[in-house]
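> Before I ask anything, here is the structure I am working with.
Just so it is clear, none of the values below were taken in a lab; they were calculated from the coordinates. Values in this document were obtained by computation on a predicted structure and should not be read as measured data. Note that each Cβ is placed from the backbone with ideal geometry, even for glycine, and that neighbours are counted across all protein chains shown.
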Amino acid sequence: MRLLIMGPQGVGKGTQAELLSKYFNIPAISTGDIFRYNLKNETPLGLEAKAFIDKGLLVPDELTNKIVKDRLAKDDAKNGWVLDGYPRNASQVEALDTILEELGTPLDHAVALNADRQVLIERMKKRAEIEGRADDTPEIIAKRLDVYAHETEPLLAIYKKRGALVEVDGVGEVETISKNIISALK
């Protein structure tokens, strides 16, 4: 099973990716984790990304695409994966299509978790309190949600048109949401 998990910040993508990973016995792959791994291990791709990060710049799509392709080509991903945090824009959708074609591994579904904006804001405020995350201020939360709405949410229409989109309510008990996703995938 090859899945994308999509949705705004605070909707529970990482939690559900881990649960789906265990259920389907496939790796949960977070682009954030891929970047951290490459940076920590000073891989050639990590060093290339570090040059941008050290200047306070976003890592360009071209490099992000290379890092994702490198991860999806690893042995543990041969039988499937849950990809969290990618694609984030239309050019990354095109790049992912190319990557999957080159690897001979078609996408099965894009799972979209949905929740009301106010619910997401409250969840992230709570997360900031619990985890002491300085990057979860009300202003930054609002900006992230706006970026998602403008750049990533429109991608759902692409996967819907392809017949690959599965939409699930991201509000409720974690286990119930997970069961709803699995049921929708069958």
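> Quick one: which residues, 5+ away or cross-chain, put their amide H under 5 Å from the amide H of V111? H built at 1.01 Å from N.
The answer is L4, I5, M6, V166.
> Between A164 and E122, what is 0.36 nm times their sequence separation minus the Cα-Cα distance? Round to one decimal in nm.
Full extension from A164 to E122 adds 12.1 nm.
> Right, here's the next one. Based only on the alpha carbon positions, what is the Kirkwood hydrodynamic radius of segment 109-163, in angstrom?
Hydrodynamic radius (Kirkwood, Cα only) of segment 109-163 equals 12.6 Å.
> Taking every pair of alpha-carbon atoms in the chain, what share in percent sits in each 10 Å bin, from 0 to the bin with the longest distance?
Percent of Cα pairs in each bin: 9, 35, 39, 17, 1.
> Using a 7 Å offset from Cα along Cα-Cβ at N79, what residues in segment 103-123 end up with backbone N under 19 Å from the label point?
What the label zone holds, given the 19 Å backbone N cut-off, is 104-109.
> With respect to the cross-link table entries K55/K125; K40/K69; K69/K126; K66/K186; K22/K160, which display a Cα-Cα separation exceeding 23 Å?
From K55/K125; K40/K69; K69/K126; K66/K186; K22/K160, over 23 Å: K55/K125; K69/K126; K66/K186; K22/K160.
> Dividing the alpha-carbon radius of gyration of segment 87-180 by 2.2 N^0.38 Å (N being the number of residues), what value is obtained?
This ratio for segment 87-180 stands at 1.27.
> Something else about it: What is the extension gain from D97 to T43, computed as 0.36 nm multiplied by their sequence separation minus the C-alpha to C-alpha distance, in nm to one decimal?
17.0 nm
> For V171, put the label point 7 Å out on the Cα→Cβ axis and report which residues of segment 104-121 keep their amide N under 16 Å from it.
113-121
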